[in-house]
1. Within region 1-37, how many residues turn out to be in a strand (DSSP E or B) and under 29 Å from the mean Cα position of the chain (by Cα)?
2. Out of curiosity, is L129 closer than 22 Å to V294 by Cβ, assigned to a loop (DSSP other than H, G, I, E, B), open to solvent by less than 20 Å² (accessible area, probe 1.4 Å) and in contact with a helix residue (DSSP H, G or I) (Cβ under 6 Å, 6 or more places away or on another chain)?
3. If only one of R76, R71 is touching a strand residue (DSSP E or B) at 6+ places or on another chain (Cβ under 8 Å), closer than 27 Å to A21 by Cβ, exposed (fewer than 15 other Cβ atoms within 10 Å of the Cβ) and at pLDDT 90 or above, which one is it?
4. Considering region 204-242 alone, what residues qualify as being acidic (D, E) and under 24 Å from R118 (Cα atoms)?
5. Are there any pairs, at least 6 apart or on different chains, whose C-beta atoms fall under 7 Å, with the first in region 119-138 and closer than 14 Å to V151 by Cα and the second among the basic types (K, R) and not in a strand (DSSP E or B), and if so, which?
6. Taking region 138-157 as the search range and keeping residues that are of a type in the set (D, E) and in contact with a strand residue (DSSP E or B) (Cβ under 8 Å, 6 or more places away or on another chain), which one is least open to solvent (accessible area, probe 1.4 Å)?
7. Test of understanding: among V54, V115, V38, which residue is within 28 Å of P189 (Cβ to Cβ) and among the aliphatic types (A, V, I, L, M)?
Amino acid sequence: MKPIYPKYRLDDGCFRIGAQAGVTVEISDPYGELWTLVNALDGARPLGEVVAVVREAFPHLGLDDVLDAVRDLDGRGFVEDAEPTAYDGDDLSRYVGNINYFSHYDRLSSHRGAVQDRLRAAHCVLFGLGGGGSYILPLLLGAGFGKITAVDYDRVERTNLNRQFLYRESDLGSYKSEAAARLAGQLNPDVAFVPVQQRIESATQAAELVRGADVAICAIDEPPFIAQRRVNAGCVRESVPYVGGGSFVTRGRMFTVRPFETGCLDCLHLYYRRNDPRYLTKLGAALRSGLGSVTIAFPPHIALVAAMIAGEAIRLVTGHAEPIALARQIDVHFETGALQVMSSWPRDEIGCPVCGAGADAGEFEVWRAGVSSPEGFDELALERET
């Protein structure tokens, strides 16, 4: 029985498993047969011994009766395989909270700790160590990724200190990647942390950084929209899933791309353009107006979106639960707390210059040049070269 779900009697003929809405079940058990079974499933006995204990107490029960009851408990999510794993000799006390949480998703078909094992074998590339990235990085370190590559080019400034809690007064003037590396070593030395001091100026750079990774997170916002498109193109080129998002004035946003399965970021721009012929004109004008030049950063709001992004990246890597933002923009309204699907878009296999036919025939480098400045958002920027 999973230790995360307490089992307790209400009276001689009834007991409960769990103490959470949506999980807890109340079981009628007038003869105590099931109560005997759940207590025998203590993780110290192989299944054959469990069956023997129950049948000794209740000889009228057959083997199939006991196994059917175990299968029912497993189907309800209350049972896990406690057999030792290859990692049980390691000191996993750092991750015991994670393992207990992930055990909610375990079944007899997977051993306890399997999800954490997948994290420990995974590589995440985090683009940006500013407002969002500085919250996301500690969450990734605590989760226990085997390797994290963190990319940033900026230095720590005094204006960062209201929300970028990776950094201290003593870090002022230091490169963020260097300061993050110092803290990463203190937070979780088990993680192979690779700081990269680099500004992402092309999709090719992004592709080189994510090559071989299991997941990427885009938390950079300079230049606005252009930087995200570079990361998008790099991740698509290397078939690396990624999560993007950010915080605005009263809303935060998250979206997820799984290359060649879902629409990518440029598919989203094309989707918007089809629904609004003036979309690119509006976006280009906004960028030329200085969009993004004013810092808007309220720490609790940034932390909320960052936590959603980190959780989504872990879902992509482990598969313990389905990602919630695949080809969907999930908005959180900071004033009301409401979550809303802002848009859901398909993959544009014909027109997209990154994941569709527009990327064929060596046009990738042509496209890369087209995303290097706000002028790349004119009416021709998202059409295939002819």
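The values are calculated or read from the model by the stated rules, or taken from the named source; none is laboratory data. Being a predicted model, the structure only gives us computed values, none of them experimental. Cβ placement follows ideal geometry from the backbone for every residue including glycine, while neighbour counts extend to all protein chains displayed. Only protein heavy atoms, including side chains, enter the accessible area calculation; ligands, DNA and RNA are left aside. Shrake-Rupley method; radii C 1.70, N 1.55, O 1.52, S 1.80 Å.
1. Total satisfying the criteria: 0.
2. Yes, satisfied.
3. Just a single option satisfies the conditions, and that option is R76.
4. E208, D214, E238 - these are the residues of region 204-242 that are acidic (D, E) and under 24 Å from R118 (Cα atoms).
5. L129/K176; G131/R163
6. Filtering region 138-157 for residues that are of a type in the set (D, E) and in contact with a strand residue (DSSP E or B) (Cβ under 8 Å, 6 or more places away or on another chain), the one least open to solvent (accessible area, probe 1.4 Å) comes out as D152.
7. Among V54, V115, V38, only V115 is within 28 Å of P189 (Cβ to Cβ) and among the aliphatic types (A, V, I, L, M).
A quick yes/no check of all residues on (1) outside any loop (DSSP other than H, G, I, E, B); (2) under 20 Å from the mean Cα position of the chain (by Cα); (3) among the aliphatic types (A, V, I, L, M); (4) surrounded by fewer than 15 Cβ atoms within 10 Å (Cβ to Cβ):
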| position | (1), (2), (3), (4) |
| --- | --- |
| L287 | yes, no, yes, no |
| V294 | no, no, yes, yes |
| A297 | no, no, yes, no |
| H301 | yes, yes, no, no |
| L304 | yes, yes, yes, no |
| I309 | yes, yes, yes, no |
| V317 | yes, yes, yes, no |
